[in-house]
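To start, the structure itself, in C-alpha cells.
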Amino acid sequence: PWASMAEIDLLVEASPVAAMVPDWTSVRNPPFPSAQLSQVLTARDITDISATFIADPFLFYENGEWYMFFEILPVSGYTKFGLARSKDGINWKYERIVFGEQFQISYPQVFKYGDKYYMIPETGPINEVRIYEAQNFPYDWHYSSTIISGRSYVDPSIFRYNGKWWLFASENATNNCYLFYSQNLTSGWTQHPMSPIICNDASKSRQGGRAFVYDGGRIIRIVQKDDIYYGEKVRAFEVDRLTETEYTEHEVSESPILNKSGTGWNAVGMHTFDPWWTGNHWI
C-alpha cells in the first residue's frame with residue numbers, strides 16, 4: 001500500500017485569508033471533500049535526496065503563502081520531513097528537507113499558538129510524543145518537550161477546545177486510541193479516564209489527519225480504516241461529549257470522506273486528510 005500511495009492528495013479551492021490557529025469555530029459549512037481530488041506533488045519532485053514515496057501532508061498558511069510539510073521516505077536511511085510552498089494552494093513547488101531525527105518520523109502536524117510555531121510528529125520508535133518548535137519558521141525545528149511517554153504512539157493529533165489542549169494518539173500493537181488533555185501545551189498532560197476511547201478496533205483507532213473544531217464547537221476526529229489493509233479509507237467522527245471525565249462520538253453521515261479510486265495514484269487507498277479554512281472554502 002505504501003508504494004501505491006507515493007503522492008500527496010489535496011483538495012484545493014479558492015484563495016486564502018489568514019488563519020493560523022487550528023480552530024475555525026465560526027465556520028459552518030462541512031469541511032469534507034466535495035470536489036475531485038488532484039495530485040499536486042510526487043516523490044519525483046524531491047530534489048535533494050532519492051525518495052521512495054512521500055506521505056502525510058499537513059498545511060499551514062501565513063502572510064500570503066501556503067506551506068506543506070510532509071514525510072519523505074528516502075531510498076536509504078530514516079524518514080525526513082520535506083517542505084513545499086504555494087501562493088495559491090493549487091500550484092506547489094518543493095523546496096527542501098527541513099527536519100530529520102535519528103529514528104523514523106512521520107505525520108508532521110504543524111500549528112501556531114501565540115507567536116510560536118510548533119510541530120507534533122509521530123515519534124513512536126522512542127515511545128514518546130514530542131513537541132518541536134521552529135526557531136526560524138519554517139526551518140530550524142528543535143526539540144521542546146516530551147508530553148506523553150510509555151507507548152509507541154502513532155499519528156498523534158492535537159486540537160484546542162474549551163480552554164484546554166486535547167490529543168488523540170493510537171497504538172498499533174493493540175489497535176487502541178487514547179485521549180489526553182492539558183491546560184498547558186508543553187507540560188502537564190493527563191490521560192483521560194475513559195482511555196482507551198477505542199479498543200482493539202483497527203477500523204477506527206488510528207488517526208488520519210488533523211482533528212479540528214468548527215461551527216461553534218463541533219469537534220471532528222479524522223481516522224483511518226485499517227482493519228482490512230492500511231489506509232483503506234478515511235473516516236470522520238464527530239465528538240458528542242468531551243469533558244475531563246466524559247467522551248462520546250458518532251460517525252458523520254458523510255463518512256467515509258476519502259476512498260480509493262480508479263487505477264492511478266490513489267488506487268489502493270487514502271490515509272491522510274488535513275483541512276484548512278481559507279476564508280471562503282476549505283483546502
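A few notes on this one:
- When both bridge partners sit in the chain, DSSP labels roughly 95% of those beta bridges antiparallel.
- Nonlocal amide H pairs with S145, under 5 Å, H built at 1.01 Å: I131
- Relative contact order (percent, whole number), region 161-271, Cα cutoff 8 Å, 6+ residue spacing: 18 percent
- Packing around the peptides 150-157, 190-197, 172-179, taken as the average count of other Cβ atoms within 10 Å per residue, puts them in this order, highest first: 150-157, 172-179, 190-197.
- Over 31 Å between alpha carbons, listed pairs K112/K225; K80/K116; K116/K233: K116/K233
- Dividing the mean sequence gap of close Cα pairs (under 8 Å, 6+ apart) by how many residues the chain holds gives a relative contact order of 17 percent.
- Across region 50-64, rounded Karplus estimates of 3J(HN,Hα) from the backbone phi angles (6.51 cos²θ - 1.76 cosθ + 1.60, θ = phi - 60°) give 7, 10, 7, 7, 10, 6, 6, x, 10, 9, 7, 10, 6, 6, x Hz, Gly and Pro being marked x.
- Between D115 and C199, residue separation times 0.36 nm minus the direct Cα-Cα distance comes to 26.5 nm.
- A compact globular protein would have a Cα radius of gyration near 2.2 N^0.38 Å; the ratio found for region 110-241 is 1.03.
- Using every pair of distinct Cα positions in the chain, the Kirkwood expression returns a hydrodynamic radius of 18.8 angstrom.
- Derived scalar couplings between HN and Hα for region 155-166 equal 6, x, 10, 9, 7, 10, 8, 6, x, 10, 8, 10 Hz in order, rounded to whole Hz, by the Karplus curve 6.51 cos²θ - 1.76 cosθ + 1.60 (θ = phi - 60°), x for Gly and Pro.
- Amide proton proximity set for V27, modelled H, under 5 Å, gap of 5+: D215, G216
- Among F32, F137, F111, residue whose mean-square fluctuation peaks in a GNM of the chain (springs only between Cα atoms under 10 Å): F137
- For F99, distant residues with modelled amide H under 5 Å away: F81
- Relative contact order, whole percent, for region 25-112 stands at 25, derived from Cα pairs under 8 Å and 6 or more residues apart.
- Pair T146, T42: separation of 7 Å Cα→Cβ label points (nm): 4.1 nm
Quick note: the coordinates plus some simple rules give every number you see, no bench work behind them. The structure presented is a predicted model; accordingly, all values stated were derived computationally and were not measured. Every residue, glycine as well, gets a Cβ built from its backbone with ideal geometry; the counts of neighbours run over all protein chains shown.
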